[in-house]
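The values are calculated or read from the model by the stated rules, or taken from the named source; none is laboratory data. As the structure is a computational prediction, the values presented were derived from the model and not from experiment. Counting neighbours? That spans all protein chains shown, and the Cβs are built from the backbone with ideal geometry, glycine included. We work out accessible area using only protein heavy atoms, side chains counted, and drop any ligands, DNA or RNA first. Shrake-Rupley method; radii C 1.70, N 1.55, O 1.52, S 1.80 Å.
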Amino acid sequence: LYALAGRLDWCECENILKCPNGTATSGVGAKGMNDCVSTNEEVIHRISLIPPPPDEIAKPMSTGEGSIDTDSSRLVLKPFETGILTVDLSMLPNNITYNDHYRISIYDGCQPCPLRYKCNASNGHQPKTCFNPPLERQYEFLNGCLKKNRKMVCLRDDGTHEDIQKCYSKTNNSSSARSSGSLLLFSEPDLEKCLSRPYFCLDTEWNYRTYRRLCQENSAISGETEIYDCSLVHRWNTYAHWKNNVCCSEISELRGFDSCRKNECLDDPRIEDIIRGKLINVFEREYGFIPPIRKPSGKLLMNATLQEALDHESPLDLFHEWREQFPESSKLMQEVKLHHPKKPHLSHPYKITSGCCNCKRHAMPTFFETNNPISSGYPDNKHGHVQITVTAIASIKLYVAVELLHGAYYLDFEKYFGSRDKSTLRIHAPQKFSEHSEHATWLTVLDKSAFEKRGLELPLNLPVGINEGGNKDIEDRFFVNIPRNKTIANHILAKENFLEVIDYDDDGRSWLPLPAIRDPIESIRLNEEWWGQKHDFIALPYIPFFSNCDGYDSHVFLGRLLEDHPDCLSVPLNKVESTNEFSFTRKEPYSDRCQDLILQCTYEEEIRGSSEKFRWFEASSGSNLFHITRDAVTIAAFVPSNEVEDWGRTMFLDKLRNSYDLI
């Protein structure tokens with residue numbers, strides 16, 4: 001690694017002129033490491049930005065190929081909730097540049113590929129896959145996980161399962177005494193845990209697997225103890241059942257023998273020799289294995305060390321595959337069959353793990369896709385406090401991380417972000433709009449017919465997402481915004497920690513509002529096709545038309561505006577004092593108030609040019625651009641309850657249209 005290099009004779013000569021991990025030269029004629037640029041094809045280090053619990057000590061994450069962050073917290077939000085994440089990038093080394101050397105990523109409900117994986121882009125018809133690492137290496141990572149992650153099991157001496165707590169009590173919870181009478185306590189690789197990790201690039205089907213058990217019996221010939229795989233018992237029983245059918249079917253090979261009695265094959269060495277000599281190939285083709293020579297006793301080996309096989313290089317090889325899933329009881333095991341390697345179609349996969357290349361980085365706001373160098377000399381505009389708000393319209397679980405893209409900055413990246421103390425998280429949920437425990441908020445309602453009637457352009461802050469084909473679609477999970485004025489979005493943190501430097505801006509490291517950054521007009525301008533065929537209205541938890549606003553960015557959510565703005569007065573419910581028309585004691589109520597609140601926004605429309613349709617500020621006086629629900633709407637009425645509905649377009653909300661329930 002370049003960052004760890006000292007004297008040149010410490011390195012292998014053939015590696016001296018190599019670019020750092022994650023980078024390559026853009027062409028011939030490169031003269032030094034400065035000519036190595038990030039390929040953006042692989043992440044070489046990743047650290048979560050979600051703050052750990054207060055009592056948790058940050059653990060350094062491995063930067064080796066195949067490493068996965070499995071311990072970090074996730075951002076879990078319900079509909080209408082907003083996570084406000086403030087990241088301190090003010091003291092990040094000057095020469096580390098956003099997008100060139102690192103980036104911030106959000107992953108929705110999935111785990112990104114391990115470090116150093118390189119995924120191929122999907123062409124819309126073929127699924128994403130990866131060209132590094134090869135499949136054999138992916139299996140190596142799975143086996144490495146199985147070596148490190150094990151679970152305790154308790155078995156009786158007949159191989160059946162016993163309650164784990166009973167084993168602990170019998171062995172006095174001692175690691176040195178793991179066998180007690182008829183019970184054996186030992187560990188086996190935790191296959192379920194490791195299969196939940198994203199080691200494989202493509203979707204992978206897994207047959208049902210069980211960890212092998214070892215049995216023992218004394219040899220009648222040598223008198224020595226023979227240790228064998230307990231699956232031989234099942235294989236023998238499968239063979240015995242097949243042999244009974246053969247003996248009782250009057251086949252020509254057994255003509256002249258009294259081979260069957262009471263639907264069982266007679267114990268005759270001559271019959272066994274004929275079956276083994278002439279018919280065993282038929283059995284092998286049907287079941288995929290050669291049966292044992294004699295019937296095993298199936299007595300469990302009461303030795304935890306041998307059962308565990310901790311030194312085995314490929315723990316996955318110690319699992320048996322079956323054609324279908326079954327409870328691990330001795331009776332039902334006789335009814336299932338082992339997986340046939342040459343007839344895989346006979347098996348029914350019990351689990352399909354999603355390929356990690358399907359886990360896509362969520363689209364980020366324009367602020368993160370561009371760099372505007374500032375006068376202080378930084379090559380980007382990210383060397384300060386950056387704030388990200390995530391507002392959910394569905395139940396979500398997000399992985400938010402900072403990712404290293406350039407191998408020359410391993411040490412600086414780990415030193416700065418490794419302590420995991422550069423971010424704070426606050427979650428806001430609307431609390432005062434409903435008397436019930438369920439979240440509720442007022443909604444704005446847009447009607448398709450109103451736009452068609454007045455010839456209006458659609459708002460530029462509609463919920464827009466990108467579908468699998470790369471086309472614009474309706475966002476159906478969450479909204480990501482970058483507030484320009486961070487003291488509004490997280491005024492509590494600003495007052496507690498940065499009040500004394502809030503006006504300090506000679507190096508770009510202050511909490512002063514960021515300059516307005518407009519989204520590219522082609523990315524947010526929509527036509528009538530956006531409505532789709534199912535619905536002709538939509539209810540939004542934010543104010544349409546008004547975007548690029550201080551403290552909110554493109555979406556001013558009503559819940560946060562009315563409950564969380566620093567210029568609003570929030571009064572606890574038990575202290576609210578109402579008044580009426582004829583009150584002599586109080587002229588005004590004592591309640592929540594947002595008086596003299598100033599919301600500064602920047603036009604995202606191209607106001608200097610003409611437009612085919614009227615823009616919202618060109619609408620005739622008195623035009624209704626949108627409506628607001630009279631009462632707060634609960635989550636249950638906002639999210640879909642069947643396949644016909646979509647969020648903000650439920651039957652309940654549809655009934656509110658053209659009624660007095662809209663203002």
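Couple of notes before you dig in:
- Criterion applied to Ser314, Ser249 was being open to solvent by less than 40 Å² (accessible area, probe 1.4 Å) and of a type in the set (Ser, Thr, Tyr), and the one residue passing it is Ser314.
- Per-region count, the stretch 418-457, residues more than 25 Å from the chain's Cα centre (by Cα) and open to solvent by less than 20 Å² (accessible area, probe 1.4 Å): 9
- Residues in the stretch 56-82 that are open to solvent by 60 Å² or more (accessible area, probe 1.4 Å) and under 17 Å from the mean Cα position of the chain (by Cα): Asp71, Val76, Lys78.
- Ser641 meets the conditions (1) outside any helix (DSSP H, G or I); (2) farther than 28 Å from Arg484 by Cβ; (3) open to solvent by less than 90 Å² (accessible area, probe 1.4 Å) in every case but one. The failed one is (3).
- Failed item, numbered, when Leu85 is tested on (1) within 30 Å of Glu438 (Cα to Cα); (2) open to solvent by 40 Å² or more (accessible area, probe 1.4 Å): (2)
- Within the stretch 46-55, no residue satisfies the criterion of being open to solvent by 30 Å² or more (accessible area, probe 1.4 Å), touching an Asp or Glu at 6+ places or on another chain (Cβ under 9 Å) and either farther than 15 Å from Leu398 by Cα or charged (D, E, K, R) (or both).
- Residues of the stretch 604-624 that are in a loop (DSSP other than H, G, I, E, B) and in contact with a Ser or Thr (Cβ under 9 Å, 6 or more places away or on another chain): Glu604, Glu605.
For every residue, the table says whether it meets (1) out of contact with any helix residue (DSSP H, G or I) (no Cβ under 9 Å at 6 or more places or on another chain); (2) surrounded by fewer than 17 Cβ atoms within 10 Å (Cβ to Cβ).
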residue	(1), (2)
Cys265	no, no
Ser297	no, yes
Glu324	yes, yes
Lys351	no, yes
Arg361	yes, yes
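- Of the criteria (1) open to solvent by 40 Å² or more (accessible area, probe 1.4 Å); (2) closer than 29 Å to Leu318 by Cβ; (3) not in a strand (DSSP E or B), which one Val282 fails: (2)
- Every pair of residues 6+ apart whose Cβ atoms lie under 8 Å, when the first sits in the stretch 334-354 and is within 17 Å of Phe283 (Cα to Cα) while the second is hydroxyl-bearing (Ser, Thr, Tyr) and surrounded by 13 or more Cβ atoms within 10 Å (Cβ to Cβ): Lys337/Thr238; Lys337/Tyr287; Leu338/Ser231; Leu338/Thr238; Leu338/Tyr287; His339/Ser347; His340/Tyr287; His340/Ser347
- Search result, residues across the stretch 203-227 that are in contact (Cβ under 8 Å) with a residue 12 or more places away in the chain and either buried (at least 18 other Cβ atoms within 10 Å of the Cβ) or more than 34 Å from the chain's Cα centre (by Cα) (or both): Asn207, Tyr208, Arg209, Tyr211, Arg213, Leu214, Cys215, Gln216, Glu217, Ile227
- Single residue of the stretch 299-311 satisfying the filter (within 25 Å of Lys148 (Cα to Cα) and part of a loop (DSSP other than H, G, I, E, B)) that is most open to solvent (accessible area, probe 1.4 Å): Asp311
- Among residues of the stretch 26-50 that are modelled with pLDDT of 80 or more, those with a beta-carbon under 7 Å from a residue that is among the basic types (Lys, Arg) and part of a loop (DSSP other than H, G, I, E, B) at least six positions away or on a different chain give the pairs Glu42/Arg116; Ile44/Arg116; Ile47/Arg420; Ser48/Arg420; Ile50/Arg74.
- Test result for Lys415, under 22 Å from the mean Cα position of the chain (by Cα), of a type in the set (D, E, K, R) and within 26 Å of Arg116 (Cβ to Cβ): no
- Counted residues, the stretch 212-256 - those being in a helix (DSSP H, G or I), among the hydrophobic types (A, V, I, L, M, F, W, C) and farther than 18 Å from Ile290 by Cβ: 2
- Selection within the stretch 515-534 - of a type in the set (S, T, N, Q) and either open to solvent by 80 Å² or more (accessible area, probe 1.4 Å) or in a loop (DSSP other than H, G, I, E, B) (or both): Asn527, Gln533
- Scanning the stretch 610-626 for residues that are among the acidic types (Asp, Glu) and surrounded by fewer than 10 Cβ atoms within 10 Å (Cβ to Cβ) turns up just one, Glu612.
- Among the residues of the stretch 127-150, those identified as over 16 Å from Cys201 (Cβ atoms) and open to solvent by 80 Å² or more (accessible area, probe 1.4 Å) are Lys147, Lys148.
- Strands (runs of 3 or more DSSP E) contained in the stretch 356-467 and holding at least 3 residues aliphatic (A, V, I, L, M): 385-392, 396-404
- The stretch 232-277, residues that are small (Gly, Ala, Ser) and touching a Gly at 6+ places or on another chain (Cβ under 8 Å): none
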